[in-house]
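Okay, so here's the structure we're looking at.
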Amino acid sequence: RKWIAKAESASPEIKADIISMLGRRGCSLASDYIVKSLDSNLADVRTEAVIALAKIEGQNAIDPLIRHMSLGRDLDETKEVLLQMIDKEHLSPIADRLEGSSGETKAAYIDIIAAKAGTQYFDEIMASTSSKDTVEKTAAFKALKSVSAYENIDVLIQLVLSVSDANEIAETQMAIIAAAKGVDEEQKAEGKVLTAFSSTDKKERIIIIL
């Protein structure tokens, strides 16, 4: 408790150092103070609070850290911490935030889902490929290759033939390659990719996939 009291009156640099130390020690008595420190006006203090809370509370830190992300603060730092704590089967707290978020915050959520190969959220990621927000849209296209399964290949083929941006075409092509990998049906003439190649006038977009 003396360190918490000292932190409250300390300079920003010392305060950040104390929070870091409390996290390394796993001081559970400091949890409330560290959660409070997430609202600090000082980025260094908030960053150390994000890291310390995860060390002290473990899985119990996930919800408050996601709430912190929802404020649009410390997105990269919080994302990196959450990536160490969440696996593919426990992405729902992140996915649940997609609909009510936008811009860089939504992009950060998308990055987490992609990093954990959250194929169960393909539809939600796909929806963001038509976003008017450039950051969000770019994150969604980059995520496609990590969240696509063969069941999504028809949608992906339609997408690669409809977009015009070169980067979006390339990202969608990589998603199709990932989705079709190891699928025996795609080695046959009636495979969906070959069928699309035969029927489109944009063959250059498909041939690179074959």
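Identify all residues within segment 130-152 that are closer than 19 Å to LYS192 by Cα and surrounded by fewer than 22 Cβ atoms within 10 Å (Cβ to Cβ); write none if there are none. Hits for segment 130-152 are LYS145, ALA149, TYR150, GLU151, ASN152. If you go through segment 6-37 and keep only what is surrounded by 20 or more Cβ atoms within 10 Å (Cβ to Cβ) and under 25 Å from the mean Cα position of the chain (by Cα), you end up with GLY23, ILE34, SER37. Looking only at residues in segment 184-210 that are within 24 Å of ALA140 (Cα to Cα) and part of a loop (DSSP other than H, G, I, E, B), the one that is farthest from the chain's Cα centre (by Cα) is LYS202. Has segment 64-77 got any residue that is crowded, with 19+ Cβ neighbours inside 10 Å, closer than 20 Å to ILE34 by Cβ, in contact with a helix residue (DSSP H, G or I) (Cβ under 9 Å, 6 or more places away or on another chain) and touching a residue at least 40 places away in the same chain (Cβ under 8 Å)? Checked against the condition, which is being crowded, with 19+ Cβ neighbours inside 10 Å, closer than 20 Å to ILE34 by Cβ, in contact with a helix residue (DSSP H, G or I) (Cβ under 9 Å, 6 or more places away or on another chain) and touching a residue at least 40 places away in the same chain (Cβ under 8 Å), segment 64-77 yields at least one hit. Contact map, segment 102-127: first residue part of a helix (DSSP H, G or I), second residue among the aromatic types (Phe, Trp, Tyr) and modelled with pLDDT of 95 or more, Cβ cut-off under 6 Å, separation 6 or more or different chains; pairs are ILE113/TYR121.
Is it true that some residue in segment 155-173 is open to solvent by 20 Å² or more (accessible area, probe 1.4 Å), under 21 Å from GLU80 (Cα atoms), touching a residue at least 12 places away in the same chain (Cβ under 8 Å) and not hydrophobic (A, V, I, L, M, F, W, C)? Looking through segment 155-173, none of the residues is open to solvent by 20 Å² or more (accessible area, probe 1.4 Å), under 21 Å from GLU80 (Cα atoms), touching a residue at least 12 places away in the same chain (Cβ under 8 Å) and not hydrophobic (A, V, I, L, M, F, W, C).
Can we say TYR121 is of a type in the set (Phe, Trp, Tyr), at negative phi, at pLDDT 95 or above and open to solvent by 30 Å² or more (accessible area, probe 1.4 Å)?
Yes.
I'm trying to understand the selection: among the residues of segment 179-196, which are buried (at least 18 other Cβ atoms within 10 Å of the Cβ) and under 15 Å from VAL155 (Cα atoms)?
In the first step, residues of segment 179-196 are kept if they are buried (at least 18 other Cβ atoms within 10 Å of the Cβ); the result is 179-180, 186, 192-193, 196.
Hits for segment 179-196 are ALA179, ALA180, LYS192, VAL193, ALA196.
The values are calculated or read from the model by the stated rules, or taken from the named source; none is laboratory data. A quick note: this is a predicted structure, and the numbers were derived from the prediction, not measured. FYI the Cβ positions are ideal-geometry reconstructions off the backbone, even for glycines, and counts take in every protein chain you see. With ligands, DNA and RNA removed, areas are computed over all heavy atoms of the protein, side chains included. Shrake-Rupley method; radii C 1.70, N 1.55, O 1.52, S 1.80 Å.
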